[in-house]
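Every number here is computed from the coordinates shown, using simple stated rules; none is lab data. No experiment lies behind these values; they were computed from the predicted model shown. Quick reminder, even Gly has a Cβ in these numbers, built from the backbone with ideal geometry, and neighbours come from all protein chains shown.
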Amino acid sequence: MITRALIELVFSAASMERWNDHPHPATFTELGKQAHKMIMAWVIARYEGEARGVKINWTSLIEGGLFEFLHRVVLTDIKPPVFHKLMQDPRQREKLNSWVADKLSFDLERLSPDFADRFRLYLLHEGPLSLERKCLRAAHYLATKWEFDFVHHWSDTKSMFGIEHTRDEISRQINEHRDLRAVDEILAARELPERDMGLWGFLSLVGQLGFQKRWAQTPRIPQTSVLGHLLFVAILSYFISMEIGACPARRYNNFFGGLLHDLPEVLTRDIVSPVKNSVEGLDDLIKEYEKQAMEERILPLLPPSWRAGIRYFTENEFRNKLCPEGVPVPVLLESDIGEDQNRDSLNPIDGRIIEACDKLAAYIEASHSIRLGLAPQALADGKRNIYARFGRSVISGFPMGQLFDYFW
């Protein structure tokens, strides 16, 4: 069972501002940073898997990212330099990690006792790092560097005591991961012309979703970005995938499908539903433009063998689909994915679950702001309309409506 407290913990990262003791041109949040990190981890892991000829354990990568995210959210009041110092002391690290595992044990055990056990084991692990864990760690520092480059650019280095030390420490941490070929290629590409940036260009473009605000022109608390929204949807989709017993490929697709479903909006911005629905055919026109822009501007930044996977996540993103190996065109389903279709070989994805989580995220954003007293009419209308459509829904046997009722 997914508890309200667990959902609220994840959403709380949207209110956790990063670099708040430095001048910065935009608001960076923990939710946005973690979203960028997970997309970077996906890129690094795919590259490393292909370069080394090894199979990536995607469940380990996804859950490792979730575990590190939950760990950081619980310990958010500890400033990063202090946090990393404590993590270097084995005794303090064990105490802190055990405390975090205890604090989340109730909600994670309600979700899945096995998941709660894996969370505790992950935090208390002291052995050599797996390839998946190395990819996550490299992604963490690269995402931090992407943000810090903006902070550094806007800082008077003569007035900001310690900022050069921060820059050097981030560079040191990244250099420790240059044994990963993807990290070397990404860093080298930063100096190339834009058309040749490849993976770095893709990751930088994705990061710009952190500057795009959701609910355009509507005051809210907290303001949320498209980038942070993507991770919120991905996590909700993964939790529901666990609840319905989804196979590993389906869990992978539902997580990364949620994480990348709004990727075209980096080129078109987040267009609110009332505008899309105001003119007949406008939504279809926008979709066609997004598809064209993806083909011309985003997909060329990625290796050719990756592009079909991105299309699978971003085209007909809210449709249930199957795409068995060797089948060039995904099969669109008119119904829920059946038990006989819940197989890795069919590569299933629950677009309807991703859509419901997308709307649940919007519903929570509206409810949270209204509860805090900032309640423009657009939020009240949006909340009512979303609930009318999804408030009693059951998808793949999962009662989605109960998650909406948490925030009524």
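Classify the range 282-376: rounded, prolate or oblate, from the alpha-carbon gyration tensor (a ≥ b ≥ c, eigenvalue square roots; a/c under 1.5 rounded; otherwise prolate if a/b is larger than b/c)?
Details: a/c = 2.50, a/b = 1.41, b/c = 1.77.
Note, shape of the range 282-376 comes out oblate.
First check a/c for the range 4-199, with a ≥ b ≥ c the square roots of the eigenvalues of its C-alpha gyration tensor; if it is under 1.5, answer rounded, and if not, answer prolate when a/b is larger than b/c or oblate otherwise.
Note, shape of the range 4-199 comes out oblate.
Could you give me the ³J(HN,Hα) list for the range 325-339, computed from phi with Karplus coefficients 6.51, -1.76, 1.60 and θ = phi - 60°, whole Hz, x at Gly and Pro?
Taking θ as phi minus 60°, the curve returns 4, x, 8, x, 10, x, 8, 7, 9, 9, 9, 5, 6, x, 4 Hz for the range 325-339.
Rounded to whole Å, give me the distance from the Cα center of the range 45-113 to that of the range 294-330.
Between the Cα centres of the range 45-113 and the range 294-330 lies a distance of 30 Å.
Can you find, among S60, A246, P264, the residue farthest towards the positive end of the dipole of the chain? Put +1 on the C-beta of Lys and Arg, -1 on that of Asp and Glu.
S60
Ignoring everything except DSSP H segments at least 4 long, calculate the 222 nm mean residue ellipticity for the chain; use -39,500 (n - 2.57) per segment, divide by total residues, nearest 500.
Details: 19 runs with 246 residues, N = 408.
Calculated mean residue ellipticity at 222 nm is -19000 deg cm²/dmol.
For the range 359-368, just list the computed ³J(HN,Hα) in residue order, Karplus coefficients 6.51, -1.76 and 1.60, θ = phi - 60°, integers in Hz, with x standing in for Gly and Pro.
Rounded to whole hertz, the list is 6, 4, 4, 5, 5, 5, 4, 5, 4, 4.
Given contacts defined as C-alpha pairs under 8 Å and at least six residues apart, what's the relative contact order of the chain, whole-number percent?
Details: 501 pairs, mean separation 69.1, N = 408.
Across the chain, relative contact order equals 17 percent.
Rounded, prolate or oblate: pick one for the range 226-405, where a ≥ b ≥ c are the square roots of the eigenvalues of its C-alpha gyration tensor, a/c under 1.5 means rounded, and failing that, prolate if a/b is larger than b/c, else oblate. If you can, show how the numbers build up before the last one.
Working: a/c = 1.93, a/b = 1.22, b/c = 1.58.
Since a/c reaches 1.5 but b/c is at least a/b, the shape of the range 226-405 is classed as oblate.
Would you mind ranking K145, K37 so that the residue whose beta carbon has the fewest other beta carbons within 10 Å leads the list?
Ranking K145, K37 by Cβ neighbours within 10 Å, fewest first, gives K145, K37.
List, in the order given, every pair from K55/K103; K55/K359; K134/K383; K37/K287; K103/K134 whose Cα-Cα distance in the structure shown is over 32 Å. Please report the intermediate quantities before stating the final value.
Details: K55/K103 34 Å; K55/K359 34 Å; K134/K383 41 Å; K37/K287 27 Å; K103/K134 26 Å.
Beyond 32 Å: K55/K103; K55/K359; K134/K383.
In whole angstrom, note down how far apart the Cα centers of the range 211-230 and the range 347-384 are.
12
Please list, ordered by chain and number, the residues whose modelled amide H lies under 5 Å from the amide H of N320; skip anything fewer than 5 residues away on the same chain.
Here the answer is L333, G351, R352, since their amide H atoms fall under 5 Å of that of N320.
List every residue whose amide H lies under 5 Å from the amide H of T29, counting only residues 5 or more places away in sequence or on a different chain, with H placed 1.01 Å from N in the peptide plane.
For T29, whose amide H was placed from the backbone, the distant partners under 5 Å are R18.
Applying 1/(1 + (r/R0)^6) with R0 = 30 Å to the Cβ-Cβ distance of D77 and R384, what FRET efficiency is obtained, to the nearest 0.05?
Working: r = 36 Å, r/R0 = 1.20.
That pair, D77 with R384, gives E of 0.25.
How large is ³J(HN,Hα) for each residue in the range 343-353, as worked out from phi by the Karplus curve 6.51 cos²θ - 1.76 cosθ + 1.60 (θ = phi - 60°), to whole Hz, x for Gly and Pro?
Working through the residues one at a time gives 9, 4, 5, 8, 6, x, 9, 8, x, 5, 5 Hz.
Search the structure for amide H atoms under 5 Å from the amide H of I395, placed 1.01 Å from N in the peptide plane, and list their residues when 5 or more places away or on another chain.
Under 5 Å from the amide H of I395: M400.
Taking a virtual spin label 7 Å from the Cα of S12 along the C-beta vector, which residues in the range 360-390 bring their backbone nitrogen under 17 Å of it?
Inside the label zone: 365, 368-369, 372.
For the range 19-107, state which GluC sites (Glu not before Pro) are in a DSSP loop and have at most 15 other beta carbons lying within 10 Å of their beta carbon.
On the way: sites: E30, E48, E50, E63, E68, E94; in loops: none.
Sparse-neighbourhood loop GluC sites (Glu not before Pro): none present.
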